[in-house]
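Engineer: Below is the structure I would like to discuss, written out as structure tokens.
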Amino acid sequence: MSATIGHPGALKRLANAHPEASKAKAVAMVTIPSTSLWAGPKGIERGTSYLLALFPTTLVLLHQSRRPSPEALLAEFPRKIYRITDVDQDLLNLSFSVVMPYGQMLVKMGRRGPYAVNTEVLDALVASAATAERTEQRTGGRAPLQTAGDVTVFARVCAAHGPGAETAVAVAEAQVTGSSARKGLLVQRPDLLLAAFPDRLVLLDRNHTTHVPSTPVAQFAKGTCTVTVAEQDRKHVDLTLTGEAQTVEVRMSRYGEDRIDGLVLDAVLAMNP
């Protein structure tokens, strides 16, 4: 197997942070000046250096760490999903955007002196994204997002749900206030994320932020569940979600703008038969 491309410092940090570091094709220390994506419990933070590592099937964003741990992983983006665009360079840095169907992040990494190897890292990233570009050409490009709700909540839903989250028609923050469940998160009554899709309503763990597909905390299929409004005020709507297997009571946060709040509630109530 060929050696991982990267600056010695990045290679060392990757070995400390990832249990299968030797399988990486390329790695670099990067900063992310701006992003519409969410990753990690606090989101992607400006001024923080991360490791961006290319593996055979994923692009991985990591915290620098002294030893491999689940907490080091911020996000994994599957190959065939992301594209690399807006490639640019100045005297000190290379910059580019990693673009997903549901958002993007601007990435910077050094290119001077011993960091010149990052040019090869960028070449590997561009090559890895070629499959997504070919798919986009075949499908005629990406449709504009049409999701009702707060942009930050949408970013968190995408991180919790993984690929396919961009098809949600509405998103909101929600708190479980009651449940028929006897075990699991619903019994603990946590703060969750609510996402309405054309065919189902799902409750997602807001602490799952890696963009890897995850099983919803609860889901209700359109036409086989009943959604009723128990009470509503300026900031919240209390809902009862009744499905074939369980009943969940949630308090859904309002966005703060009547037009958006109306679209979100309409999308939720559209689950009824």
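Engineer: Could you look through segment 225-273, keep only residues that are assigned to a loop (DSSP other than H, G, I, E, B) and either among the small types (Gly, Ala, Ser) or at positive phi (or both), and pick out the one that is modelled with the lowest pLDDT? First the steps, then the outcome.
Structural biologist: Within segment 225-273, the subset assigned to a loop (DSSP other than H, G, I, E, B) is 225, 233-235, 243-246, 254-257, 270-273.
If we keep only those that are either among the small types (Gly, Ala, Ser) or at positive phi (or both) too, we end up with 243, 245, 256, 270.
On the way: Gly243: 93, Ala245: 87, Gly256: 84, Ala270: 96.
Filtering segment 225-273 for residues that are assigned to a loop (DSSP other than H, G, I, E, B) and either among the small types (Gly, Ala, Ser) or at positive phi (or both), the one modelled with the lowest pLDDT comes out as Gly256.
Engineer: Out of segment 227-255, which residues are exposed (fewer than 14 other Cβ atoms within 10 Å of the Cβ) and in contact (Cβ under 8 Å) with a residue 12 or more places away in the chain? Steps first, answer last, please.
Structural biologist: Pass one, segment 227-255, residues exposed (fewer than 14 other Cβ atoms within 10 Å of the Cβ): 228-231, 233-235, 244-245.
Scanning segment 227-255 gives Thr228, Val229, Ala230, Arg234, Lys235, Glu244.
Engineer: Restricting attention to segment 76-108, which residues are modelled with pLDDT under 95 and small (Gly, Ala, Ser)?
Structural biologist: The answer is Gly103, and nothing else.
Engineer: Taking interchain pairs and intrachain pairs at least six residues apart, which have beta carbon atoms under 6 angstrom, with the first residue in segment 4-29 and within 23 Å of Ser95 (Cβ to Cβ) and the second among the charged types (D, E, K, R)?
Structural biologist: From residues that are within 23 Å of Ser95 (Cβ to Cβ), the pairs are Ile5/Glu120.
Engineer: Can you list the strands (runs of 3 or more DSSP E) found entirely within segment 1-107 that contain at least 3 residues being outside the structural domain of Ala124 (by TED's automatic domain parsing) and in contact with a strand residue (DSSP E or B) (Cβ under 9 Å, 6 or more places away or on another chain)? First the steps, then the outcome.
Structural biologist: Numbers: elements: 26-35, 50-54, 58-63, 73-78, 83-89, 93-100.
No strands (runs of 3 or more DSSP E) qualify here.
Engineer: Any residue at all in segment 198-217 that is farther than 24 Å from Ala39 by Cβ, in the same structural domain as Glu166 (by TED's automatic domain parsing), of a type outside the set (Phe, Trp, Tyr) and in contact (Cβ under 8 Å) with a residue 60 or more places away in the chain?
Structural biologist: So in segment 198-217, the residues farther than 24 Å from Ala39 by Cβ come out as 198-201.
Checking which are in the same structural domain as Glu166 (by TED's automatic domain parsing) leaves us with 198-201.
Next, from what is left, pick out any that are of a type outside the set (Phe, Trp, Tyr): 198-201.
Narrowing the set further to residues that are in contact (Cβ under 8 Å) with a residue 60 or more places away in the chain leaves 200-201.
Within segment 198-217, one or more residues are farther than 24 Å from Ala39 by Cβ, in the same structural domain as Glu166 (by TED's automatic domain parsing), of a type outside the set (Phe, Trp, Tyr) and in contact (Cβ under 8 Å) with a residue 60 or more places away in the chain.
Engineer: What tally of residues in segment 116-132 results from selecting those that are in contact with a Leu (Cβ under 9 Å, 6 or more places away or on another chain) and at pLDDT 95 or above? Write out each step before concluding.
Structural biologist: Of the residues in segment 116-132, the ones in contact with a Leu (Cβ under 9 Å, 6 or more places away or on another chain) are 118-119, 121-122, 124-125, 128-129.
Cutting the leftovers down to at pLDDT 95 or above gives us 118-119, 121-122, 124-125.
Of the residues in that region, 6 qualify.
Engineer: From Leu94, Leu52, grab the single residue that is within 17 Å of the chain's Cα centre (by Cα), buried (at least 19 other Cβ atoms within 10 Å of the Cβ) and in contact (Cβ under 8 Å) with a residue 12 or more places away in the chain. Break it down into steps so the answer makes sense when it comes.
Structural biologist: Details: Leu94 fails: within 17 Å of the chain's Cα centre (by Cα).
None of the other options fit; the residue is Leu52.
The values are calculated or read from the model by the stated rules, or taken from the named source; none is laboratory data. These numbers come from a predicted model, not from an experiment. Positions of Cβ are generated from backbone atoms using ideal geometry, with glycine treated the same way; all protein chains shown enter the neighbour counts.
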